[in-house]
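A short worksheet on the structure shown next.
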DNA sequence: TTGTAAGCGTTATCAT
DNA sequence: ATGATAACGCTTACAA
C-alpha cells in the first residue's frame, strides 16, 4: 500500500492538514515544520493520490482530446499525430494529462459521449476537426463542458484555434496564377468541414482578385483521402486544367497517381499544389509545392487555451488563427503563353 | 450540479445502496424495485461519478500509453498513430479509456514517471518500443504496475506483444538472395532496441542459410530516421552492395534520396527493401518492396493483454508474436549473373 | 500557525 | 431484498 497523508503526518509529528498545506504550498506554515514535513514525504516516498484529491477539488488535471468518428480512418495522416504531440507536450509542461477518445462507433456515439464526458474524468476537452454537423459540439455546449475546437466554427460562442486556411489556399492559387496559369482546378476537402470550405474560399478569392472566371467544372469535391484525390483528378481531367490546387497533400498523392495513370507528367503537363506539408510531400517525385500549417503548435495552443478556459471561466470567446506558409518545391512550372 | 446516487435514491424511494446495486447489476434486487430505480436514473439523467467510484474500487478503467523520450520525434512515422488507433479502439470496446503520456523531458523523466504512474489514475500501462536501457520498464517492475511492452524484451517476466521481426527481415533478405544478389548490405535500426537487433538477426540468418559470408562493412547502424537512412546509404556505398535491406521505410526513403544524389537508380543499379509498409512506401518512386507489420492489431492486442493482466493478475508471462508479410513492389530487380 | 472534523460520491459490510 | 454506516484519501472551513 502506498503511503497516505496520514502516515506522512505521523512521521512528521503533525496533522494531516498541515501536510496537505505543505504539499499545496499554502503560505501559513512555519518554515521549520514545512521542512520536517518535506523530509517525512521523502522518507516514505509519498505521492498524492490524484483520485482522492479530485473527488474533493472537482478537478482531475486531465483534458480530453476528442477525435470524431469520421476522421479516425485518417489517422495515418500526420495531422492528428502532430496535433497530439503538440497537445501532449503542452500538457506535460502544465502538469496535466491527456485522455484520448476516438468516437469511432457511430451507433454508440451518444453513449460513448456520456460515458467519457460525464464520468468526471476530464476537466475539459479539445475537439479535433469536427464536421459541421457533428453532434459532439452541441452536446458539449449543452453540458457546459469547457472545450476548444481545433478548426474554427461559425457559432459565436465557440473557442477555437485554427490556421488561416483561406489565406493559405489563396497563396497557393496565386502562386499558380503568377506562373501564368489561367485554367486552375481544385480538388476541395469535404465541404461539411470548415477547413474544406475555407480552402475553397481561398481558391475563389485568388481567382476573383485576378479577374479570372470561376468555373464550376473546375471544382470537384474531395474528402481529404488518397482515393478522393484519385477520383477528383480523374473527373477534373475532362475540364483540362493546366494546374490544380489540391486541398490536402494526401489527396495530392492520389491526384499524382491518377495523372501517372494517364501518362501525364507533373509539372510538365500539369502543375500541382497541395496543402499541409506532411513529410510525404517532400518525398514525392516531384517534390510537392504545398502550404505548410503549424499543426503541432496548434495542438499546444489548443491545450493552453483550454487550461486558461478552465482556470478563468466566463471570459469572452477566445480565438487564435495561425498563419500558413507556401513551400515552393518542384510540382509547379510556368505555363507558356500560347498564341492560339 | 449533476445528480448523485442520493438523489436517484430519493426519487425512487429507496436507499443509496439499492441504487448502487442496481447500477452494478447485483443479483439481489427485486425486479420491481430495479425497474423503479432505472426509471429514476433516466428521469434525472444520472451518470455515475467515475472519480468517486475509483476512490473506493481502486480501479479507474484508464490505461496509460507510455511513449519514451527517444521516440517522440518519430511521431510523424505512422507507427505510433496506428498503435494508438488500435489501442484506443480496443479501449473503447472494453469501456476503458486511454491516457497518453509522452516522456519527452529527459531531465524530468523520473519526476514525470512518478507523477503519471503513481497518481493512481491508471490501472496499467502499455510501453511502446522502449530501448533496452530505458528506465521506465525497471521502474514499472519495481512499482508492481501491470504493463505490457510493445516489442519483446529479454527479461523473463515481461509481458509483451511483438511482430516477428527476425522472420520479416529474413524474408526480405531471402527475397534479394533469390533475385540473385550476393553482396547485400543492411542499414539497421538502433541496436539498443530489440526490434533493431531482431531485424539484423534476420538479415544474418538469411545470409547464413544460403552460405553467404557476413561482411561487417555491409552492415551499418541506423536510427529509424530519414537522416539515418541518408547517412547509412552514403557509408554503405563504399562497400558497393548490389542490394540493401533497410530496417525501416523511413530510412529507406533517406537511402533513396542518397542514391538519387549519387545518380544511382533503384532498382536498376541497386535494389532496396524496406520494413514497415507505411503508406509512404507505396507512394515512393519506385514503389518500395517492404515488410508489412500489423501495427494496429498489435495496439489492440496489447490493450487486451493488459486488461487480462489487470483482471487476472499473477498468471504466467504472456507473449504474442504476430507474423509479418513481404510486400513485393518495384524496388528490387534481378541481379544479372556476371561472368567475371 | 496548527489541529479537528466535515464532506466529496461511491462501494462494501453488516444488520435487519 | 433492503437500509445504515463505515470506509476510500484528500481538501477546507472553522476552531483553537
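Observations, loosely collected:
- Qualifying residues in the range B:1-20 (those that are in a loop (DSSP other than H, G, I, E, B) and within 14 Å of chain A (Cβ to nearest Cβ)) - the one nearest to DNA strand C (Cβ to nearest atom): B:4
- Flag if residue A:145 is assigned to a strand (DSSP E or B), within 14 Å of chain B (Cβ to nearest Cβ) and over 30 Å from residue A:255 (Cβ atoms): no
- Any hit, the range B:102-116, residues being in contact (Cβ under 8 Å) with a residue 60 or more places away in the chain, within 11 Å of chain A (Cβ to nearest Cβ) and farther than 30 Å from residue B:4 by Cα: no
- For the range B:243-254, the criterion of being under 26 Å from residue B:336 (Cβ atoms), within 12 Å of chain A (Cβ to nearest Cβ) and part of a loop (DSSP other than H, G, I, E, B) is met by none of the residues.
- Neighbours by Cβ (under 8 Å, 6+ apart or cross-chain): first from the range B:80-95, more than 27 Å from residue B:224 (Cα to Cα); second part of a helix (DSSP H, G or I) and modelled with pLDDT under 90: B:92/A:112; B:95/A:115
- Those residues of the range A:21-36 which are touching a helix residue (DSSP H, G or I) at 6+ places or on another chain (Cβ under 6 Å), within 12 Å of DNA strand D (Cβ to nearest atom) and assigned to a helix (DSSP H, G or I), in sequence order: A:22
- Number of residues in the range A:117-135 that are part of a loop (DSSP other than H, G, I, E, B) and within 10 Å of chain B (Cβ to nearest Cβ) equals 5.
- Top-ranked residue of the range B:101-112 - restricted to ones that are touching a helix residue (DSSP H, G or I) at 6+ places or on another chain (Cβ under 6 Å) and surrounded by 17 or more Cβ atoms within 10 Å (Cβ to Cβ), ranked as nearest to residue B:51 (Cα to Cα): B:101
- Residue B:82 satisfies every condition listed in (1) at the interface with chain A (Cβ under 10 Å from one of its Cβ atoms); (2) under 30 Å from residue A:59 (Cβ atoms) except (2).
- Picking from residues in the range A:44-62 that are farther than 16 Å from residue B:114 by Cβ and not in a helix (DSSP H, G or I), the one that is farthest from DNA strand D (Cβ to nearest atom) is A:62.
- Residue-level check: of (1) within 14 Å of another protein chain (Cβ to nearest Cβ); (2) away from DNA strand D (no atom under 12 Å from the Cβ); (3) surrounded by 13 or more Cβ atoms within 10 Å (Cβ to Cβ), residue A:41 misses just (2).
- Subset of the range B:137-161 (residues that are out of contact with any strand residue (DSSP E or B) (no Cβ under 6 Å at 6 or more places or on another chain) and touching a residue at least 60 places away in the same chain (Cβ under 8 Å)): B:156, B:157
The values are calculated or read from the model by the stated rules, or taken from the named source; none is laboratory data. Quick caveat, the model's predicted, so the values are computed rather than measured. For neighbour counting, all protein chains shown are included, and Cβ atoms are generated from backbone atoms with ideal geometry for every residue, glycine included.
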